[in-house]
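Structure record follows, encoded as structure tokens.
Laboratory data are not the source of any read-out in this text; all were calculated from the coordinates shown. Fair warning: this is a prediction, and the values are worked out from it, not measured in the lab. Positions of Cβ are backbone-derived with ideal geometry, glycine not excepted, and every protein chain shown enters the neighbour counts.
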Amino acid sequence: MAMQPGRVLIVAGSDSGGGAGIQADLKTVMALGAYGTTAITALTAQNTQGVEGVFPVDPAFIAQQMNVVLDDIGSDALKIGMLHSAEVIDTVADVLEARCRDLPIVVDPVMVSTSGHDLLEPAAMRTLTRRMSLVADVMTPNLREAEKLTGLAIKDLDGMVHAAEMLRTTGPQAVLVKGGHLSGDRVMRDVLSSDAGTRIFEGPRVETTSTHGTGCTLASAIAASLAYGLDLEEAVERARAYLYTALRTAPGLGKGHGPVNHAHTLRPFML
């Protein structure tokens, strides 16, 4: 009898260009052998050049999407992405607190798109920190997001470590600060702060303009591996390896920041 796939409930926005958001999340989860379900928080009209429009989903309907999936299919891990308003953040956090406390929750604090478009209302920043930090098993901010959340100017690896440790004091069990936006270095570094201490992950940097959706992809890859019972450090290692190849083999679509190659492996993940 076939092994049941790990189940990942993804709560995030839709990207019409297919490179980020729900579309990237589902491709990633499938490529790593897990089964993805969704609760869509917003529709966006975007391509590789930018976001042209955002159409929010009613918070009550977001909660309904989450609840009907949990009632029937269930979940082994959750990935939380774009939550554009304080009301949406509160709604999602309420469901997580009521129903998902025993599940690993990966929170990617999406604030700004790769093209620079704001995806989180400024007034919602405090709500994001207050509510989602307390339910997150791991938060995965990039440098820009970590700067907004901490008020720090992150210029180097020491700054990443400081930011990760500072963010942990707000509630998450662990924080992974991603170093993709750190310039002037041929090595790609991410910093993980957890109860086990601080670990620095290193690997070669891929020189490419196809970087759309990398944050969504990494967070979903972590969630897919956590859904199979890997510990956090193993999940991060696997996610980074998947994203590295996805970047290196990116198809070069679009005129701006193109998508990565989410389909570079479709082999089921088996323990």
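Starting from the Cα of E233, move 7 Å in the Cα-to-Cβ direction to define the label point; list residues of the range 194-209 whose amide nitrogen is under 19 Å from there.
194-203
By a straight-distance test (C-alpha under 20 Å), which lysines pair with K27 as possible cross-link partners, with residues fewer than eight away in the same chain excluded?
Partners within reach: K79.
Can you tell me what share of the DSSP beta bridges in the range 1-106 is antiparallel? A percent to the nearest 5 is fine.
30 percent
Given P59, T44, H264, which one lies farthest toward the positive end of the charge dipole of the chain, if we put +1 on the Cβ of every Lys and Arg and -1 on the Cβ of every Asp and Glu?
The one lying farthest along the dipole's positive direction is H264.
Based solely on its DSSP helices, what 222 nm [θ] is calculated for the chain when runs of n ≥ 4 H residues each add -39,500 (n - 2.57) and the sum is averaged over all residues, nearest 500 deg cm²/dmol?
-10500 deg cm²/dmol
Once you have a ≥ b ≥ c as the square roots of the Cα gyration tensor eigenvalues for the chain, tell me rounded if a/c is under 1.5, and otherwise prolate or oblate according to whether a/b is larger than b/c.
It comes out rounded by the Cα gyration axes.
Can you tally the net charge around G171? Count Lys and Arg as +1, Asp and Glu as -1, for every other residue whose Cβ sits under 10 Å from the Cβ of G171.
+3
Run through the DSSP bridge list for the range 7-248 and note the antiparallel percent, rounded to the nearest 5.
In the range 7-248, approximately 50 percent of DSSP beta bridges are antiparallel ones.
Return the long-range amide H neighbours of G258 (sequence gap of 5 or more, or a different chain), with a cut-off of under 5 Å between placed amide H atoms.
S210, T211, H212
Tell me whether the range 78-187 comes out rounded, prolate or oblate; compute the Cα gyration tensor, take square roots of the eigenvalues as a ≥ b ≥ c, and use a/c under 1.5 as the rounded threshold.
Prolate is the answer for the range 78-187, as a/c is 1.5 or above and a/b outweighs b/c.
Which one of L103, A77, A241 is farthest out on the positive end of the charge dipole of the chain, using unit charges on Cβ (Lys, Arg +1; Asp, Glu -1) and the Cα centre as origin?
Going by the charge dipole, the pick is A241.
For a test of the definition: using alpha carbon positions, the gyration tensor, and the 1.5 limit on a/c, classify the range 1-110 as rounded, prolate or oblate.
Oblate.
Can you compute the charge dipole magnitude of the chain about its Cα centre, using +1 on each Lys and Arg Cβ and -1 on each Asp and Glu Cβ, nothing else charged? Give it in debye, rounded to the nearest 20.
Using only the charged Cβ atoms, the result is roughly 580 debye.
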